[in-house]
Amino acid sequence: MKLCQVMMFSLLWLSGCKDKAAIHKISGEAQGTTWHITYISENPGKHKSAIESILKELDLSLSTWVKSSIICRINRNEKDVLINSYFRDVFLKSMEVSDKTQGLFDITVGPLVNAWGFGPAKKLSINSLTIDSLRKLVGYRMLKLENDKVIKARPEINIDFNAIAQGYSVDVLAAYLDRHGVHNYLVELGGELIAKGSKNQDNWTVGIDRPDEVQGAERKLQAIVQLENRALATSGNYRKFYEEDGMKYAHIIDPRTGYPAKQNILSATVLADDAMSADAYATAFMVMGLDRAKEFLQENKDLKLDVFFVYAEDGKWKTFQSDGMKNLIKEVN
């Protein structure tokens, strides 16, 4: 699973507020990670079992780690596999982001993800011939939907939703809360999150991890962000990687080269109206690098994305934040 490291920083009430509604917290494990929901309601309801059921349905639709899932059955080329609404939503958004980014976000990188040892399949012995061969299977335009079926140009094409599925899962859980009359909440799954309403007249506040590359190290905050009716996702190569023969290999694959992305952005935090978009574009910006990402934001203001990048320059960490982020974020020294 892609690890987008965002920590819930502050869910405590500030003093001085009167007539506060009750705060409720539920949590669990799903999709190889944890989830947490904090919501405000006079009626706590019995939401945990319903949410766990939704998460299981999502896994059975989108997870490459569940062999009986729709995506795995499609990757195995089983006959007459029909997609459901979950799969359709993620597929269509993936195609949209791929078009916008000119293929820098691509759900057909599955064979490469597996080859590098970041998927459910066994890691391959990597060489240039292997990469060149697998790159022939990468290209989102080789996929299409017809009558609730996925049509692949080549049977070896392998779909991977891991760079977008957790964000979508957050959106689905948020929609569940909306339907059940909960309008003030913070939903987080695997670091992707969405905030709606407020925490008793105050904005929800979350923290962004410093992109420290020491695995197992205690997490420290790079910045604190206020959220109001927006989603947030952070992508980085600083947690999920391995070293081999003195080289570091991280989990975000550049579809153009077939190799792990090596750009100057260490972590990309994205604010969007929905967590699925934030998740996908955070990955795309990691592949783009700083200069191209800045150009993309200027060219696509209609997407209403705000960003906070931590990047390396001249051996030092530096940060970049979009204009819309500046009033929401405070860097931690």
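In this structure, is VAL310 assigned to a helix (DSSP H, G or I), surrounded by 15 or more Cβ atoms within 10 Å (Cβ to Cβ) and at pLDDT below 95? Give the steps one after another, and end with the answer.
Numbers: assigned to a helix (DSSP H, G or I): no; surrounded by 15 or more Cβ atoms within 10 Å (Cβ to Cβ): yes; at pLDDT below 95: yes.
Judged against the criteria, VAL310 is not a match.
Every residue, every condition in (1) closer than 21 Å to LEU177 by Cα; (2) surrounded by fewer than 17 Cβ atoms within 10 Å (Cβ to Cβ); (3) at pLDDT 90 or above; (4) out of contact with any strand residue (DSSP E or B) (no Cβ under 9 Å at 6 or more places or on another chain), yes or no:
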| position | (1), (2), (3), (4) |
| --- | --- |
| VAL6 | no, no, no, no |
| ALA21 | yes, yes, no, no |
| THR34 | yes, yes, yes, no |
| HIS47 | yes, no, yes, no |
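Name, by its number, the condition in (1) more than 18 Å from the chain's Cα centre (by Cα); (2) not assigned by TED's automatic domain parsing to the domain that holds THR205 that does not hold for TYR39.
(2)
Regarding LEU145, is this residue among the hydrophobic types (A, V, I, L, M, F, W, C) and either within 18 Å of SER61 (Cα to Cα) or surrounded by fewer than 17 Cβ atoms within 10 Å (Cβ to Cβ) (or both)? I'd like the intermediate steps shown before the answer.
On the way: among the hydrophobic types (A, V, I, L, M, F, W, C): yes; either within 18 Å of SER61 (Cα to Cα) or surrounded by fewer than 17 Cβ atoms within 10 Å (Cβ to Cβ) (or both): yes.
Here the answer is yes, as LEU145 does meet what is asked.
Would you tally the residues in the stretch 146-166 being outside any loop (DSSP other than H, G, I, E, B) and either among the aromatic types (Phe, Trp, Tyr) or out of contact with any helix residue (DSSP H, G or I) (no Cβ under 8 Å at 6 or more places or on another chain) (or both)? Break it down stepwise before answering.
Kept after step one, since they are outside any loop (DSSP other than H, G, I, E, B), are these residues of the stretch 146-166: 146, 149-152, 165-166.
Checking which are either among the aromatic types (Phe, Trp, Tyr) or out of contact with any helix residue (DSSP H, G or I) (no Cβ under 8 Å at 6 or more places or on another chain) (or both) leaves us with 146, 149, 151.
Residues that pass the stated criteria total 3.
Within the stretch 112-132, can you find the residues that are more than 25 Å from the chain's Cα centre (by Cα) and modelled with pLDDT under 85?
LEU124, SER125, ILE126, ASN127, SER128, THR130
List, please: which pairs have Cβ atoms under 8 Å, are six or more places apart or on different chains, and start with a residue in the stretch 148-159 that is more than 14 Å from LEU92 (Cβ to Cβ) and end with one that is of a type in the set (Ser, Thr, Tyr) and outside any loop (DSSP other than H, G, I, E, B)?
Close Cβ pairs satisfying both conditions: ILE157/THR108; ASN158/THR108.
Take LEU55 and tell me if it is modelled with pLDDT of 95 or more, in contact with a helix residue (DSSP H, G or I) (Cβ under 8 Å, 6 or more places away or on another chain) and either surrounded by 14 or more Cβ atoms within 10 Å (Cβ to Cβ) or of a type in the set (A, V, I, L, M, F, W, C) (or both). I'd like the intermediate steps shown before the answer.
On the way: modelled with pLDDT of 95 or more: yes; in contact with a helix residue (DSSP H, G or I) (Cβ under 8 Å, 6 or more places away or on another chain): yes; either surrounded by 14 or more Cβ atoms within 10 Å (Cβ to Cβ) or of a type in the set (A, V, I, L, M, F, W, C) (or both): yes.
So LEU55 fits the description; yes.
Each row is one residue, and each column tells you yes or no for (1) assigned to a helix (DSSP H, G or I); (2) within 30 Å of LEU297 (Cα to Cα).
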residue: GLY103; (1), (2): no, yes
residue: LYS144; (1), (2): no, yes
residue: TYR168; (1), (2): yes, yes
residue: ALA174; (1), (2): yes, yes
residue: VAL182; (1), (2): no, no
residue: GLN201; (1), (2): no, no
residue: THR205; (1), (2): no, yes
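Looking at the stretch 264-280 only, could you name the residues that are out of contact with any Asp or Glu (no Cβ under 6 Å at 6 or more places or on another chain) and either at pLDDT 95 or above or part of a strand (DSSP E or B) (or both)?
If we filter the stretch 264-280 for residues that are out of contact with any Asp or Glu (no Cβ under 6 Å at 6 or more places or on another chain), which is where we start, we get 264-270, 272-273, 277-278, 280.
Passing the criteria: ILE265, LEU266, SER267, ALA268, THR269, VAL270, ALA272, ASP273, SER277, ALA278, ALA280.
What is the one condition in (1) under 27 Å from GLU295 (Cβ atoms); (2) assigned to a helix (DSSP H, G or I); (3) among the β-branched types (Val, Ile, Thr) that VAL138 does not satisfy?
Result: VAL138 passes all but (2).
Kindly indicate whether GLU96 is assigned to a strand (DSSP E or B) and closer than 29 Å to PHE296 by Cα. Give the steps one after another, and end with the answer.
Numbers: assigned to a strand (DSSP E or B): no; closer than 29 Å to PHE296 by Cα: yes.
No.
Looking only at the stretch 58-110, which residues are of a type in the set (Gly, Ala, Ser) and either surrounded by 22 or more Cβ atoms within 10 Å (Cβ to Cβ) or under 15 Å from ALA165 (Cβ atoms) (or both)?
Those that are of a type in the set (Gly, Ala, Ser) and either surrounded by 22 or more Cβ atoms within 10 Å (Cβ to Cβ) or under 15 Å from ALA165 (Cβ atoms) (or both): SER61, SER63, SER69, SER85, SER94, SER98, GLY110.
Suppose we filter ASN184, ASN200, ASN147 for residues that are at positive phi and either of a type in the set (Gly, Ala, Ser) or modelled with pLDDT of 90 or more (or both); which single one remains?
On the way: ASN184 fails: at positive phi; ASN200 fails: either of a type in the set (Gly, Ala, Ser) or modelled with pLDDT of 90 or more (or both).
Only one candidate passes the filter, namely ASN147.
Identify, by number, the condition in (1) at pLDDT 90 or above; (2) touching a Ser or Thr at 6+ places or on another chain (Cβ under 7 Å); (3) within 11 Å of PHE309 (Cβ to Cβ) that LEU232 doesn't meet.
(3)
Conditions first: (1) over 18 Å from the mean Cα position of the chain (by Cα); (2) within 20 Å of LEU62 (Cα to Cα). ARG179 passes all but one, so which condition is the exception?
Among (1) over 18 Å from the mean Cα position of the chain (by Cα); (2) within 20 Å of LEU62 (Cα to Cα), the lone unmet condition for ARG179 is (2).
Scan the stretch 78-91 and tell me whether some residue there is closer than 16 Å to LEU137 by Cα, touching a residue at least 40 places away in the same chain (Cβ under 8 Å) and outside any loop (DSSP other than H, G, I, E, B). First the steps, then the outcome.
Looking only at the stretch 78-91, we keep the residues that are closer than 16 Å to LEU137 by Cα, and these are none.
No: the stretch 78-91 contains no residue that is closer than 16 Å to LEU137 by Cα, touching a residue at least 40 places away in the same chain (Cβ under 8 Å) and outside any loop (DSSP other than H, G, I, E, B).
Within the set of pairs 6+ apart or on separate chains, which have a first residue in the stretch 196-211 that is acidic (Asp, Glu), a second that is crowded, with 20+ Cβ neighbours inside 10 Å, and C-beta atoms under 6 Å apart?
If the second residue must be crowded, with 20+ Cβ neighbours inside 10 Å, the pairs left are ASP209/GLN5.
The values are calculated or read from the model by the stated rules, or taken from the named source; none is laboratory data. Predicted model, so just to flag it, every value in this text is computed and none were measured. Glycine gets a Cβ as well: all are built from the backbone with ideal geometry, and neighbour counts include every protein chain shown.
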